[in-house]
Amino acid sequence: MNNSDSILGRISLTRRHLLGTLAVATASAIPIAAYAQAASAASGAGTAQAIADHFSSVATMQGEFVQFGPRGEQTGGKFYIQRPGKLRFNYDNPSPIRVIADGKNVAVGNVKLKTWDLYPLSKTPLSLLLAQRIDLSAGSVKSVKQESDLTTIALGNNTVFGSSTITMMFDPKTYDLRQWTITDNQGKDTSVMVFNVKTGVQFDDKVFRVPYEVIPGTAAYRD
């Protein structure tokens, strides 16, 4: 198994194929400390948790995505999510990249070269995105910004993945997820905008199957 500190180290090398959204300016988001000093503090925190609860309640979803890398490179494809912990990204041709999370690990594969890299799910920002319940009381909230057409929540956990963050953007009326950005420990963003999303879908188990049998040194992780 690759002993990189986190998946984000790998993302810095193959960022155009990995997770994030349209450049979300987290620096402009309102710090939680400011909410504590404002009259709307309780309302803001309550809204953020309500949105997180709504997103957490969506057990399965699938759709299409467009991904933007830190240099403006653009790719697209289809995604599948099953809570808790499971995700698959199939990139459109000519990209050979697949990203699969099976609840334990995240595998990043090149199906053309038949190579895979494996990372513990718990050491990536995806662990927050794919959690059974996103709990904003655990000190993971970095910032919240509320606008008439968008609510932005930035999450991070220094004990899990250092200075990296995941910023999620929601429709303030429907609480639906619009896009998210992963900012690595070098401050570079990889962004994903989702559309044509369907929820409540059923998946075959093989959708989220990581091919441990072809990844050297992962026998202990095989079912």
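Here are the numbers for this structure:
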item	result
Total residues in the range 109-161, condition assigned to a loop (DSSP other than H, G, I, E, B), of a type in the set (A, V, I, L, M, F, W, C) and at pLDDT 85 or above	5
Cβ pairs under 6 Å, 6+ apart, first in the range 61-84 and free of Cβ contacts under 8 Å to residues at least 24 places away in the same chain and within 18 Å of residue 183 (Cβ to Cβ), second among the basic types (Lys, Arg) and buried (at least 20 other Cβ atoms within 10 Å of the Cβ)	none
Qualifying residue in the range 31-54 (condition: surrounded by 16 or more Cβ atoms within 10 Å (Cβ to Cβ), modelled with pLDDT under 90 and not in a helix (DSSP H, G or I))	no
Members of the range 55-79 found to be farther than 19 Å from residue 191 by Cβ and either surrounded by 15 or more Cβ atoms within 10 Å (Cβ to Cβ) or among the acidic types (Asp, Glu) (or both), listed by number	56, 58, 60, 62
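The values are calculated or read from the model by the stated rules, or taken from the named source; none is laboratory data. The shown structure was predicted, so the numbers you read here are calculated from the model rather than taken from an experiment. Here Cβ is always computed from backbone atoms with ideal geometry, including for glycine, and neighbour counts include all displayed protein chains.
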